Amino acid sequence: MKRGDIGSQILIPCFLWAAVPATAIPLPLVCELTSEESPSIKIRLTERTTGSLRGELIQNDKKLGVFQSGKPKRGKDPWWSLQTDKHSSKGISVFFQDTELWNPYRRSPRPQDSNRVLFAGLGPALWNWTETQKRHVFRDNSDLLKAAGGLWSISSQCVGGRIVDG
């Protein structure tokens, strides 16, 4: 076997493995975020992906879209995203411990102590949703818009805003 053949036999499987999309792993507990403005609106995060938690935006147990909350990378803010069949939107997540803002460049509060979050830009994203089938569901839903623009309580199962690497 030639030297080049050995390299290609090793590298090709590595490239194929790297091209496979990240799979989601079910969380041992449901991480639930509840709107402080409209408690009937919740985000249930049930899966862990590489760098994020994924679940659903729900109103009265009806799924409105797929919601993801991602951890910050060096020099970047934590993020959120919402997807429906044909549209998606994203923004920045702002975490709090009670009324104190979490800041990645300070020691306190620690991210795992976060118990509230604001999804900056979620309200305007819902108002301006371009998918025709969902536009009326979002824009005409005052409870959803109030929830989107307000604070969300993080359940104790979530370990604050922290995503445990596994």
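Just a few scattered comments:
- Residue among Lys86, Lys90, Lys63, Lys76 that alone is under 20 Å from Thr34 (Cβ atoms) and basic (Lys, Arg): Lys63
- Residues of the range 86-141 that are of a type in the set (Ser, Thr, Tyr), part of a loop (DSSP other than H, G, I, E, B) and closer than 20 Å to Ile154 by Cβ: Thr99, Ser108, Ser114.
- The residue pairs whose first member lies in the range 77-94 and is more than 14 Å from Phe138 (Cα to Cα), whose second member is part of a loop (DSSP other than H, G, I, E, B) and at pLDDT 95 or above, and whose beta carbons are closer than 6 Å, counting only pairs six or more residues apart or on different chains, are Gly91/Gly121.
- Looking only at residues in the range 129-166 that are small (Gly, Ala, Ser) and loosely packed, with under 14 Cβ neighbours inside 10 Å, the one that is modelled with the lowest pLDDT is Gly166.
The values are calculated or read from the model by the stated rules, or taken from the named source; none is laboratory data. Bear in mind that the values here come from a model prediction, so they are computed numbers and not experimental data. In this analysis, Cβ positions are derived from the backbone assuming ideal geometry, glycine residues included, and neighbour counts consider all displayed protein chains.
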